[in-house]
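Please read the structure below before turning to the comments.
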């Protein structure tokens, strides 16, 4: 990522955004005549269906937009054209609040911000909107902007098949297929004047299998169903920070592909980097390891934005005002981040490392509701989870790291108890710190929590959970 991103926001489109939209549309459709909507058209769409018109901003700059309407699809059928859907003179009098299909009118992202998965955020919102309004499907005509490069050798059917097989890249169709849309049929003359597509388009559809209809208040509504990815991190040697980040990105990419809302890493997952400091004492080595914490946080924040997922980084050592803490970060997919601190260091963490505990307990607001985070030993104190529950916590995340089966069981059973006591969901996991390879980097600087025991019990693999709203 080459740009510094402080904040990403998906919000409703405003008519004051028009000049920015006009520039974006001219860039996106530079090869087409009249390549932008007039201001009165945007005003009409906002007036008729404000929930369907959204903008995505980066550092408060509008860099993308999606326009849509609701139609009674039986009035049009599969053999329609784009002008027919838009109504006479693009009046959008075809919009019907009582219709059954969300129809995509337009979507575009500024070229310099493509590759950041901003389009996926827009489509995720459209899918949630479709579900919330109890509509049958999302339908639209997708251009084939690269077809003219292959039209002499391939029919439209052959071209679509080659794109599906990833032998050919089409900037529109490839993206739509990766977002769970399927080709319903091929249309000729759908968008008059689309020379790049040779006047062809694909009728694309995403089917809504849910029929619950919560009200829509903001573009990023609080999700009722939340998917969590837990990374069963295996301690292994890393020669550099880049190797550790590469391994982390592998897991983030995987769980993002399942449309997870959160991914959780374990406590002190970066401990293998301490191998470079084996010649130092334990207290010196852990402070040197703390030098990696801020760079790791920054890289995780980039990944949270890029993969559109909230990342709970587990924990890392951190030195502040010459005091050593065990801290982690909640890296939100909108570009914001918050820090959490272990409140109760273990006796060995205090004795061997000189670690201190934090003094703040709070919940964190996310696009999936309020969450709480307690690191390892903290979950063994019932009062902490009770405070978080009183603050509205729905999901409690517990990253931890233990070196014996007894330690693992103690944290796990305490986490289960907190779930029962507070009627909340708990997602907890530990690193696989007891594997034989772990001994390749532990020596004088070994963690007091992580040094391998005489035997290496097999730790249970964390399971993925799909939380639902907390029962009241």
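The values are calculated or read from the model by the stated rules, or taken from the named source; none is laboratory data. Because the structure is predicted, anything quoted here is derived from the model rather than measured. Here Cβ is always computed from backbone atoms with ideal geometry, including for glycine, and neighbour counts include all displayed protein chains.
Quick check: is even one residue across the stretch 180-194 crowded, with 21+ Cβ neighbours inside 10 Å and modelled with pLDDT of 90 or more? Checked against the condition, which is being crowded, with 21+ Cβ neighbours inside 10 Å and modelled with pLDDT of 90 or more, the stretch 180-194 yields at least one hit. If you go through the stretch 226-242 one residue at a time, do you hit one that is farther than 23 Å from residue 183 by Cα, in contact with a strand residue (DSSP E or B) (Cβ under 9 Å, 6 or more places away or on another chain) and modelled with pLDDT under 65? Scanning the stretch 226-242, I find no residue that is farther than 23 Å from residue 183 by Cα, in contact with a strand residue (DSSP E or B) (Cβ under 9 Å, 6 or more places away or on another chain) and modelled with pLDDT under 65, so the answer is no.
Residue 172 passes every criterion in (1) surrounded by 15 or more Cβ atoms within 10 Å (Cβ to Cβ); (2) over 31 Å from the mean Cα position of the chain (by Cα); (3) without any contact (Cβ under 8 Å) to a residue 40 or more places away in the chain apart from (2).
Would it be correct to say that residue 42 is surrounded by 21 or more Cβ atoms within 10 Å (Cβ to Cβ), closer than 28 Å to residue 170 by Cα and touching a strand residue (DSSP E or B) at 6+ places or on another chain (Cβ under 7 Å)? For residue 42, the condition - surrounded by 21 or more Cβ atoms within 10 Å (Cβ to Cβ), closer than 28 Å to residue 170 by Cα and touching a strand residue (DSSP E or B) at 6+ places or on another chain (Cβ under 7 Å) - is not met. Of the residues 348, 298, which single one is without any contact (Cβ under 8 Å) to a residue 24 or more places away in the chain and either surrounded by fewer than 17 Cβ atoms within 10 Å (Cβ to Cβ) or over 30 Å from the mean Cα position of the chain (by Cα) (or both)? Residue meeting the stated conditions: 298. Taking the numbered list (1) assigned to a helix (DSSP H, G or I); (2) within 20 Å of the chain's Cα centre (by Cα) in turn, residue 83 passes all entries but (2). Looking only at the stretch 195-204, count every residue that is out of contact with any helix residue (DSSP H, G or I) (no Cβ under 9 Å at 6 or more places or on another chain) and surrounded by fewer than 18 Cβ atoms within 10 Å (Cβ to Cβ) and tell me the total. Counting residues in the stretch 195-204 that are out of contact with any helix residue (DSSP H, G or I) (no Cβ under 9 Å at 6 or more places or on another chain) and surrounded by fewer than 18 Cβ atoms within 10 Å (Cβ to Cβ) gives 1. One residue stands out in the stretch 47-77 among those that are touching a strand residue (DSSP E or B) at 6+ places or on another chain (Cβ under 8 Å) and in a helix (DSSP H, G or I): the one that is surrounded by the most Cβ atoms within 10 Å (Cβ to Cβ), namely 52. Just so you know, in the stretch 252-283 the residues that are free of Cβ contacts under 8 Å to residues at least 40 places away in the same chain, surrounded by fewer than 17 Cβ atoms within 10 Å (Cβ to Cβ) and in a helix (DSSP H, G or I) include one that is farthest from the chain's Cα centre (by Cα), and it is 276. If only residues of the stretch 146-164 that are in contact with a helix residue (DSSP H, G or I) (Cβ under 9 Å, 6 or more places away or on another chain) and touching a residue at least 24 places away in the same chain (Cβ under 8 Å) are counted, the one that is surrounded by the fewest Cβ atoms within 10 Å (Cβ to Cβ) is 151. Scanning the stretch 304-328 for residues that are surrounded by 24 or more Cβ atoms within 10 Å (Cβ to Cβ) and closer than 16 Å to residue 289 by Cβ yields a count of 7.
Residue-by-condition table, conditions (1) under 26 Å from the mean Cα position of the chain (by Cα); (2) at pLDDT 90 or above:
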site	(1), (2)
137	yes, yes
145	no, no
160	no, yes
167	no, yes
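Across the stretch 100-115, the qualifying residues are those that are outside any strand (DSSP E or B) and touching a helix residue (DSSP H, G or I) at 6+ places or on another chain (Cβ under 7 Å), and the one among them that is surrounded by the most Cβ atoms within 10 Å (Cβ to Cβ) is 110.
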